[in-house]
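Notes for the one structure printed next.
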Amino acid sequence: MLEEVFGGSLRRLSRAPLAVARFTARRQPFTPLDPFDQITKMGRGVNILGYDPIWDDFRRARFQQRHFRLIHEGGFHTVRINLHAFRHMNDANRLNAAWFRTLDWAVQNALANNLQVILDEHDFRACGTDPDGCKPKLLAFWEQVAERYKDAPNGVVFELLNEPNTQLTPEAWNALMKDALAIVRKTNPRRNVVIGPASENDIHFLDQLQLPADDRNIIVTVHYYLPMEFTHQGANWCPATTSLSGVKWGTDQEERRIEEDFDAVQQWSKNEKRPVLLGEFGAYDKGDMDSRFRYISCIARAAERFGWAWTYWQFDSDFVLWDMARDAWVQPIWKALVP
């Protein structure tokens, strides 16, 4: 089945998770790819599967195999797969077989539909509140995942941890990041790895990110949701903005702020000779749709002008790009992303 995925003529994959011992790609072995070239291939992308019941029961999945094709046909080139893996580990921090079968299914179907794949370890809350408890789990995660996907083509990229935050300070994150990267490099010495700064991948913390100078197979990621009063109005998980409503966006001054913020990131990128992935951005569903359209379009075009790749937050659940009930794109959001 794997040879069918990576061979010249592709046969439709089974919808059931594949029972394979290790992810292999004999017809298309891994070859190193310059990280700037990887960014070009990534282009436009979207976050998927983070809050889908598929991880607990494949039969309950909202996201179906056909959605990979629809994403590609919709003008996207990358999926960032959000992995809350810690809850699927046993007491010895080993990931269970069913979880891996689902991940194999997702990776194979994404690649079969000409999508780049970012495997994003997304347990940011657990790591932000308990860095000491996070460390053995994060290192065990990458030991297992890096080994399993060491033969995957270069279209599979690893992201060490989403949005390190709170108690995972810049100093603590620099130390943990280097330990996790060392684990990955044992089996994947040249695969591109995505790493972002502390404080939830905040652009203003880039100068505190200490990357190993001799490792050039690194892509730097930042997230952008400013101003939070607009992008998170009415969001019940964000106390500072939960009660807000009717906040609009789109003045010349607001557009200039994005340009100025992104220009600072681009200057850092040039100085450090590191490519940039805008790993998350968006505006919550309770905002005014016209303002959301202008905001999302402004960010996507600005990122593209600087030559960054981007992955919108997110396909479904909230910040919705695809309406599962209507089985269709949310047209204004889609058109903002892919004009």
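If you go through the stretch 66-79 and keep only what is buried (at least 19 other Cβ atoms within 10 Å of the Cβ) and either modelled with pLDDT under 95 or touching a Phe, Trp or Tyr at 6+ places or on another chain (Cβ under 9 Å) (or both), you end up with H67, I71, F76, T78, V79. Evaluated against (1) closer than 16 Å to S269 by Cβ; (2) crowded, with 18+ Cβ neighbours inside 10 Å; (3) touching a helix residue (DSSP H, G or I) at 6+ places or on another chain (Cβ under 6 Å), A198 falls short on exactly one condition, (1).
Does R60 fit the bill of being under 21 Å from A325 (Cα atoms) and modelled with pLDDT of 95 or more? Judged against the criteria, R60 is a match. Within the stretch 29-61, the set of residues being acidic (D, E) and without any contact (Cβ under 8 Å) to a residue 60 or more places away in the chain comprises D34, D37, D56, D57.
For the stretch 154-183, which residues satisfy the criterion of being assigned to a loop (DSSP other than H, G, I, E, B), over 18 Å from the mean Cα position of the chain (by Cα) and surrounded by fewer than 23 Cβ atoms within 10 Å (Cβ to Cβ)? Steps first, answer last, please.
Of the stretch 154-183, the ones assigned to a loop (DSSP other than H, G, I, E, B) are 154-155, 160-169.
Checking which are over 18 Å from the mean Cα position of the chain (by Cα) leaves us with 166-169.
Listed by number, the residues that qualify are T166, Q167, T169.
The values are calculated or read from the model by the stated rules, or taken from the named source; none is laboratory data. All figures in this text were calculated on a predicted structure; none of them were measured in a lab. When we count neighbours, we look across all protein chains shown, and the Cβ atoms used for this are built from the backbone with ideal geometry, even at glycine.
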